Amino acid sequence: MSAPIRRLALDVDKVVDRPEMVGLARTIAEVSGVAAVNITVNEIDIETVGTVVTVEGDDIDTDALFEAIEKAGAVLHSIDEVVAGERIIDHVSRVR
């Protein structure tokens, strides 16, 4: 049995008017294993909105999550954070 995925931070772009943010959040929230979703806009240009989508849960179905994002009309650019295992470890910044 593989370790459960607990958190993902994703770089997701969408066009300005679709999918609308609340609808995208609800679509993601309906994916198996997802307990919470946070979508933060980090960039806007004329045609697109760049977002950071953070998803947490007990055992997130990543294939279903990525498919739901694409079916909603958004584009997954990268996976920027993955937390797997029996608990969530928060990121600790290193000071150099």
Given the conditions (1) among the hydrophobic types (A, V, I, L, M, F, W, C); (2) touching an Asp or Glu at 6+ places or on another chain (Cβ under 6 Å); (3) surrounded by fewer than 12 Cβ atoms within 10 Å (Cβ to Cβ), and given that Ala9 satisfies all but one, which numbered condition is not satisfied?
(3)
Which one is farthest from the chain's Cα centre (by Cα) among residues in the stretch 38-71 that are more than 27 Å from Ala3 (Cβ to Cβ), among the aliphatic types (A, V, I, L, M) and surrounded by 11 or more Cβ atoms within 10 Å (Cβ to Cβ)?
Ile44
Condition met for Val16 (among the hydrophobic types (A, V, I, L, M, F, W, C) and either surrounded by 12 or more Cβ atoms within 10 Å (Cβ to Cβ) or out of contact with any strand residue (DSSP E or B) (no Cβ under 8 Å at 6 or more places or on another chain) (or both)):
no
Of residues in the stretch 19-28 being closer than 10 Å to Ala68 by Cα and hydrophobic (A, V, I, L, M, F, W, C), the one surrounded by the fewest Cβ atoms within 10 Å (Cβ to Cβ):
Leu24
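Computed from the coordinates by the stated procedures, all read-outs in this text should not be read as laboratory data. Because the structure is a prediction, the values reported are computed rather than measured. Every residue, glycine among them, receives a Cβ derived from its backbone with ideal geometry; neighbour counts consider all protein chains shown.
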